[in-house]
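Chemist: Take a look at the following structure, please.
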Amino acid sequence: MEMKRINAGKLRSIGYEPREKTLRVEFDDGSAIDYSGVGQEVWRRLSTSGSAWSYYRDNIEEEFNGRRGAVRANTRPAGLDDLFKPLNTDASDESLKRET
């Protein structure tokens with residue numbers, strides 16, 4: 001299923017599988033819900049809505065059966081801590097010793 005990244009309320013990503021009529025909604029806390037029996041018109045309206053969070057709450061959350069899960073892959077970009085990890089001090093100490 002191809003996912004569409006969005007930033008609307010707590011929604012972070014949405015996707016639709018037309019053959020299975022399954023809508024997948026991923027949230028900012030890493031949780032996800034798969035809804036079954038969702039028609040293409042509901043998907044079209046959600047995916048093109050200017051207020052997807054409101055459309056989701058009003059037309060999907062209470063209207064369709066959902067199965068909770070977790071986001072399959074970490075879609076969050078690396079944080080600053082990940083970008084600025086300390087170097088391996090053993091390796092850098094060895095290279096300094098060779099240069100002197």
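Chemist: Within the stretch 1-73, considering only strands (runs of 3 or more DSSP E) that don't extend past its boundaries, which have at least 1 residues that are surrounded by 14 or more Cβ atoms within 10 Å (Cβ to Cβ) and not small (G, A, S)? Even if it seems obvious, please write down each step before you answer.
Modeler: Values: elements: 3-8, 11-17, 22-27, 31-36, 66-70.
Strands (runs of 3 or more DSSP E) meeting the threshold: 3-8, 11-17, 22-27, 31-36.
Chemist: Does A8 count as modelled with pLDDT under 95 and more than 20 Å from R67 (Cβ to Cβ)?
Modeler: Numbers: modelled with pLDDT under 95: yes; more than 20 Å from R67 (Cβ to Cβ): yes.
Here the answer is yes, as A8 does meet what is asked.
Chemist: Does the stretch 3-22 hold any residues that are more than 15 Å from R45 (Cα to Cα) and among the basic types (K, R), and which are they?
Modeler: R5, K10, R12, R19 - these are the residues of the stretch 3-22 that are more than 15 Å from R45 (Cα to Cα) and among the basic types (K, R).
Chemist: If you go through the stretch 34-65, how many residues are more than 14 Å from L11 (Cα to Cα) and touching a residue at least 40 places away in the same chain (Cβ under 8 Å)?
Modeler: Total satisfying the criteria: 1.
Chemist: Which residues, counting only those in the stretch 74-87, are in a loop (DSSP other than H, G, I, E, B) and either at pLDDT 55 or above or touching a Cys at 6+ places or on another chain (Cβ under 7 Å) (or both)?
Modeler: P77, A78, G79, F84, K85, P86, L87
Chemist: What's the number of the only condition in (1) modelled with pLDDT of 60 or more; (2) exposed (fewer than 10 other Cβ atoms within 10 Å of the Cβ) that K97 fails to meet?
Modeler: Among (1) modelled with pLDDT of 60 or more; (2) exposed (fewer than 10 other Cβ atoms within 10 Å of the Cβ), the lone unmet condition for K97 is (1).
The values are calculated or read from the model by the stated rules, or taken from the named source; none is laboratory data. Since the model is a prediction, treat every value here as computed from it, not as a measurement. Glycine gets a Cβ as well: all are built from the backbone with ideal geometry, and neighbour counts include every protein chain shown.
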